[in-house]
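Here is the structure we will look at, set down as C-alpha cells.
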C-alpha cells in the first residue's frame with residue numbers, strides 16, 4: 001500500500017480563477033482587512049477541503065506567517081485571508097508537512113519558494129529528519145497579467161525548491 005509520504009516528486013499545474021482582484025469578494029475575506037489585503041503580494045488562503053462549511057488552515061499556517069514576516073525581504077508583503085475570530089486550524093499530524101494554499105504574484109513566486117524551502121529545512125532539522133525522507137504538500141496560486149495558475153506540489157522536501165523554481169518560466173505557456 002502506498003502512502004502520500006512515499007511520493008517522491010509530483011507537481012501539477014492547473015488553471016485557477018482566484019486572483020488578487022477577486023479575493024476581496026470571497027466569503028472568508030474579512031471586510032475590515034481589505035485595505036491591508038490589497039497591499040499584499042502573498043496571501044494565505046483557507047481551504048474547504050472537507051466541504052463542511054469551515055474555512056481551514058494547515059497546522060503550520062501561524063508558524064509560516066510569522067516566519068515569512070520575520071524574513072528581512074522588502075519584496076514580500078504578506079497577509080492572511082481570514083479574521084482572527086474565524087481562523088480555524090486543521091491538524092493532520094502526519095509525516096507530511098502540509099504548508100497550505102498561497103496566492104502570490106508572479107514576481108514574488110521564486111522568493112516565496114525560497115523562503116518556504118528554508119522553513120521546511122528548519123522544520124525537519126528540528127524533527128531530526130532528512131529532506132529525502134520527509135515530504136511536503138503545498139498549493140501556490142500564481143497570478144500574472146490577470147490570469148492565475150495553481151501549482152500543486154507533493155513530494156520530498158529535497159526536491160521542493162528545485163522543482164518549483166524550474167516551472168516559473170513555463171507555467172503560463174499554453
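Derivation of every value follows stated rules applied to the coordinates shown; laboratory data play no part. Given the structure is predicted, the values throughout are model-derived calculations rather than measurements. With ideal geometry, Cβ positions are generated from the backbone for all residues, glycine too; neighbour counts draw on all protein chains shown.
For region 1-158, the relative contact order is 34 percent, taking Cα pairs closer than 8 Å that sit 6 or more residues apart in sequence and dividing their mean separation by the residue count.
Between residue 128 and residue 47, the simple spin-label model (points 7 angstrom out along Cα→Cβ) gives 3.0 nm. Working note: 222 nm ellipticity from helices only, DSSP H runs with n ≥ 4, each -39,500 (n - 2.57), summed and divided by the residues of the chain, gives -8000 deg cm²/dmol to the nearest 500. When the chain is treated as a Gaussian network with alpha carbon springs shorter than 10 Å, the biggest mean-square fluctuation among 124, 76, 141 belongs to 124. Potential lengthening of the chain between residue 66 and residue 172 amounts to 35.1 nm, from the contour at 0.36 nm per residue minus the alpha-carbon distance. Divided by 2.2 N^0.38 Å, where N counts the residues, the Cα radius of gyration of region 59-110 comes to 1.27.
FRET efficiency for residue 165 and residue 94, Cβ-Cβ distance as r, R0 = 41 Å, nearest 0.05? After rounding, the FRET efficiency stands at 0.95.
If the Kirkwood radius is taken over C-alpha pairs of the chain, then at 10 °C and 1.306 mPa s the Stokes-Einstein diffusion coefficient equals 96 µm²/s. With axes computed from alpha carbons, what is the tilt in degrees of helix 109-127 against the longest principal axis of the chain, rounded to the nearest 10 within 0 to 90? Taking the Cα atoms of the chain, the angle to 109-127 is about 50 degrees.
Against the main long axis of the alpha-carbon atoms of the chain, helix 157-166 sits at an angle near 50°.
Taking the centroid of alpha carbons for each part, region 111-136 and region 159-174 are 18 Å apart. With the convex hull of its Cα atoms as the shape, region 16-99 has an orientation-averaged projected area of 6.5 nm².
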